[in-house]
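A short worksheet on the structure shown next.
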Amino acid sequence: MPAEFPDLFDRVVNLSKRRGFVFPSAEIYGGFRSTYDYGPLGSLLLRNVKEQWIRSMVQERDDVLLIDVAILAPPAVFEASGHLANFTDPLVDCRKCNSRWREDQINGVCPTCGSTDFTEARAFNLMFKTHAGPVEGAGAEVYLRPETAQGMFVNFANVLTTSRKKPPFGIAQVGKSFRNEITPGNFVFRTREFEQMEMEFFVPPAEATQWYEYWIEQRYNWYVNLGIAESLLRIRPHDADELSHYSSGTSDVEFSFPWGWGELEGIANRGDYDLTQHMKHSGVKLDYFDQVTNERYTPYCIEPAAGATRAMMAFLLAAYDEEDVKGETRMVLRLHHRLAPYKVAVLPLSKKAELSGKSREVLKLLQPHFMCDYDETQAIGKRYRRQDEIGTPFCITVDFDSLEDNQVTLRERDSMAQTRLPISDLLPTLRERLS
Ligand code: GAP
């Protein structure tokens, strides 16, 4: 955490609410605990996080394919995956104040009342169960997926036969997952409904270790390339007793959250656990026949599994900055330009009709290429600050001279440098600087 902001968490939560990044869910009804809605800026930021993930994991490679699988799934999927039996947290009740906790998170002391008197731990399954169709009961049960990963295993054969790929290759997915967390909290860090960005990379078993190391490095670099300082990131291999039921090795990419190091993403060597399980339970062959070597084998799977909503929070925390400008505090969100909700804001110097007309011409020129904001109220200095606060990399000011010389002022967020340039140069200049 940047040392200069000991209350960084509160500042970012307040900014999120005040400027429309994240709202508490169902707020007009008093809120719905630990569930959040993404506002006009937050939905753009979250979308950009997901798009950057797809860009790096799918678009810029030729060995990963994107799919989009149903959120509702029958129990058979989770019977096979082991989630029905193993996807549990140890739940304890404090005997003094009746609060509920995850036993592994409280070190034997109740965070509410300090008591050390708890009930025996019970295994609490984190999956949300519901019913499909009008009749409740056996046969109608369905689950909301607790991870997107199973969608890739269940569709392994479909993707293999329709894509002409062969191991090593990956299947990726971005979407919502649901977990009935016992102790959600820390804003959008741990919620019951969240978004994941996961990729299952299927490899010949002998190559698994090498790909595991490769993906740890790739995924760490993704955060660095999108602007998170390396001092705020670390890679932490799991101890043997922490490993999930399917994993023979996991390393987390962790971020220095205001309360300490926390997981952004896990990279796991899942071996052939999932394909083998689904083969056993479904009776369908989920292995691979290599026509070159004449060998049939079940691929091993290396899985980088990230949280989109959690990553968004880390990007916000890492980008938050304040500086003194001529005796005044300037708050600036130094988001990477690819993540910024708006890339450009068009600001007429005054509200006069002729300036609005010219400004809207500029806006129309840019809108097909970039997400733009338009703002004509308040003094120009205040409007620059509003854009700094939400991380907009460039502001364009249209003034009375613009009407004569067809030039505008381009102002850069981080340096606050201003340059004057012809409107006809705007598109190529911004394209280059926002690429
Ligand atoms: N398929 C493997 C898997 O789901 P995980 O470590 O349980 O692994 C992957 O989840 C990522 O999903 C985490 O690193 C985290 O970023 C995100 N995530 C998991 N549970 C979450 C929750 N309750 N709220 C927000 N994000 C969560």
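The values are calculated or read from the model by the stated rules, or taken from the named source; none is laboratory data. Only a predicted model underlies this, so the values are computations on that prediction, with no experimental measurement involved. All Cβ positions, even for glycine, are placed from backbone atoms using ideal geometry, and neighbour counts span all protein chains on display. Side chains included, ligands, DNA and RNA excluded: accessible areas come from the protein's heavy atoms. Shrake-Rupley method; radii C 1.70, N 1.55, O 1.52, S 1.80 Å.
Residues that are of a type in the set (Gly, Ala, Ser) and surrounded by 12 or more Cβ atoms within 10 Å (Cβ to Cβ) within the range 124-134 comprise just one, Ala132.
Scanning the range 275-293 for residues that are open to solvent by 40 Å² or more (accessible area, probe 1.4 Å) and either within 16 Å of the ligand (Cβ to nearest atom) or more than 17 Å from Val154 (Cα to Cα) (or both) returns Phe289, Gln291, Val292, Thr293.
Any residue in the range 193-209 that is closer than 15 Å to Pro146 by Cα and free of Cβ contacts under 8 Å to residues at least 24 places away in the same chain sitting within a Cβ distance under 6 Å of a residue that is of a type in the set (Ser, Thr, Tyr) and surrounded by fewer than 22 Cβ atoms within 10 Å (Cβ to Cβ)? List the pairs, counting only those 6 or more apart or interchain. Close Cβ pairs (under 6 Å, with a partner that is of a type in the set (Ser, Thr, Tyr) and surrounded by fewer than 22 Cβ atoms within 10 Å (Cβ to Cβ)) do not exist here.
If the condition is being among the acidic types (Asp, Glu) and touching a helix residue (DSSP H, G or I) at 6+ places or on another chain (Cβ under 9 Å), then the range 235-277 contributes Glu263, Glu265, Asp272, Asp274. Considering only residues of the range 182-210 that are more than 15 Å from the ligand (Cβ to nearest atom) and β-branched (Val, Ile, Thr), which is most open to solvent (accessible area, probe 1.4 Å)? Looking at the filtered set, the residue picked out is Thr209. If the condition is being in contact with an Asp or Glu (Cβ under 7 Å, 6 or more places away or on another chain) and without any contact (Cβ under 8 Å) to a residue 60 or more places away in the chain, then the range 299-329 contributes only Thr329. Scanning the range 66-74 for any residue that is more than 30 Å from Tyr38 (Cβ to Cβ) and modelled with pLDDT of 95 or more turns up nothing. Considering the range 135-158, the residues that are surrounded by fewer than 17 Cβ atoms within 10 Å (Cβ to Cβ) and of a type in the set (A, V, I, L, M, F, W, C) include one that is farthest from the ligand (Cβ to nearest atom), namely Val135.
With respect to Phe169, is the statement that it is in contact with a Phe, Trp or Tyr (Cβ under 7 Å, 6 or more places away or on another chain), more than 10 Å from the ligand (Cβ to nearest atom) and aromatic (Phe, Trp, Tyr) true?
Details: in contact with a Phe, Trp or Tyr (Cβ under 7 Å, 6 or more places away or on another chain): yes; more than 10 Å from the ligand (Cβ to nearest atom): yes; aromatic (Phe, Trp, Tyr): yes.
Taking the combined requirement at face value, the residue satisfies it.
Looking only at residues in the range 71-101 that are open to solvent by 30 Å² or more (accessible area, probe 1.4 Å) and farther than 30 Å from Asp272 by Cα, the one that is nearest to the chain's Cα centre (by Cα) is Trp101.
Hey, among Ala240, Ala229, which residue is more than 9 Å from the ligand (Cβ to nearest atom), open to solvent by 40 Å² or more (accessible area, probe 1.4 Å), farther than 28 Å from Asp68 by Cβ and at pLDDT 95 or above?
Numbers: Ala240 fails: at pLDDT 95 or above.
From the options Ala240, Ala229, the qualifying one is Ala229.
For Leu46, the conditions (1) on the phi > 0 side of the Ramachandran plot; (2) open to solvent by less than 20 Å² (accessible area, probe 1.4 Å); (3) of a type outside the set (Ser, Thr, Tyr) are fulfilled apart from (1). Restricting attention to the range 246-274, report how many residues are open to solvent by 50 Å² or more (accessible area, probe 1.4 Å), more than 10 Å from the ligand (Cβ to nearest atom) and either touching a His at 6+ places or on another chain (Cβ under 9 Å) or within 30 Å of Ala340 (Cβ to Cβ) (or both). The number of residues fulfilling the criteria is 3.
Exactly one residue out of Lys166, Lys176 is under 27 Å from the mean Cα position of the chain (by Cα), surrounded by fewer than 18 Cβ atoms within 10 Å (Cβ to Cβ) and over 12 Å from Leu66 (Cα atoms), and it is Lys176.
Taking the criterion of being within 16 Å of the ligand (Cβ to nearest atom), in a strand (DSSP E or B) and open to solvent by 10 Å² or more (accessible area, probe 1.4 Å), the residues of the range 294-332 that qualify are Tyr300, Ala305, Gly307. The set of residues in the range 9-37 that are crowded, with 18+ Cβ neighbours inside 10 Å and in contact with a strand residue (DSSP E or B) (Cβ under 6 Å, 6 or more places away or on another chain) comprises Val12, Ser16, Val22, Tyr36.
For residues that are under 30 Å from Glu141 (Cβ atoms), surrounded by 12 or more Cβ atoms within 10 Å (Cβ to Cβ) and not basic (Lys, Arg), tally how many sit in the range 106-122. Let's see the steps before the verdict.
To start, the set of residues in the range 106-122 that are under 30 Å from Glu141 (Cβ atoms) comprises 119-122.
Next, only the ones that are surrounded by 12 or more Cβ atoms within 10 Å (Cβ to Cβ) stay: 119, 121-122.
Still in the running and not basic (Lys, Arg): 119, 121.
The total comes to 2.
Applying the criterion of at least 1 residues that are farther than 18 Å from Arg19 by Cβ to the strands (runs of 3 or more DSSP E) found wholly in the range 333-419 leaves 344-348, 394-398, 407-412.
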